[in-house]
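Please read the structure below before turning to the comments.
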Amino acid sequence: MSKGHQLGRKGEELAVEHLRSLGYEILAVNWFSHHLEIDIIAKDGNELVIVEVKARGTDSYEHPSEAVSNKKIRFLVNAAEAYIQERNINLDTRFDVISIIFYGGGFEIEHFKDAFLSTNWLVCICDIISRLGVGSRWPVKFQLLSVWL
């Protein structure tokens with residue numbers, strides 16, 4: 001297993017411990033459906049929580065949370081939809097990112113709740129805005145919204 005893979009696995013273990021310490025119920029770790037994968041699926045009260053874990057060493061140039069690209073967000077949303085449909089779940093869903101930076105013998109963990117919204121919701125918002133005809137302001141508003149798409 002590569003060093004990056006080992007770092008990722010250790011990060012996922014720490015993230016699970018972190019979530020459990022907050023009272024979350026862990027439903028699945030490394031859940032796969034075809035080419036889709038979710039690092040951690042948990043339940044926080046009456047919410048289903050889809051968690052993306054990003055771990056980095058101190059020699060990385062970007063913050064781990066910055067590694068969640070728009071493409072990754074789309075994959076996570078699709079994977080969450082597959083999980084929800086497969087298990088017939090009827091709960092509000094949120095997407096969290098847990099960032100872990102390893103340094104020396106320690107680590108720093110950050111938990112970003114509601115890190116992003118479902119792209120399907122934003123596509124609907126973009127569609128509604130376009131139907132309202134906001135004129136020349138549309139490109140600016142679209143650019144602001146498109147960072148999530």
TODO: Being touching a Phe, Trp or Tyr at 6+ places or on another chain (Cβ under 8 Å) and modelled with pLDDT of 95 or more is the filter; apply it to region 1-42 and report the residue that is nearest to Ile98 (Cα to Cα).
DONE: Leu14
- [ ] Could you tell me whether any residue of region 109-119 is assigned to a strand (DSSP E or B), modelled with pLDDT of 75 or more and at positive phi?
- [x] yes
- [ ] Those residues that are under 17 Å from Asn90 (Cβ atoms) and not in a loop (DSSP other than H, G, I, E, B), I need them from region 31-50; list them, please.
- [x] Ile41, Ala42, Lys43, Asp44, Glu47, Leu48, Val49, Ile50
TODO: Just need a number here: residues in region 77-96 that are within 11 Å of the chain's Cα centre (by Cα) and either acidic (Asp, Glu) or at pLDDT below 90 (or both).
DONE: 2
- [ ] Look at region 7-30 and say how many of its residues are of a type outside the set (Gly, Ala, Ser), outside any loop (DSSP other than H, G, I, E, B), touching a residue at least 12 places away in the same chain (Cβ under 8 Å) and farther than 24 Å from Ala82 by Cα.
- [x] 4
TODO: Would you mention how many residues in region 86-103 are in a loop (DSSP other than H, G, I, E, B) and free of Cβ contacts under 8 Å to residues at least 40 places away in the same chain?
DONE: 2
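The values are calculated or read from the model by the stated rules, or taken from the named source; none is laboratory data. Quick caveat, the model's predicted, so the values are computed rather than measured. Quick reminder, even Gly has a Cβ in these numbers, built from the backbone with ideal geometry, and neighbours come from all protein chains shown.
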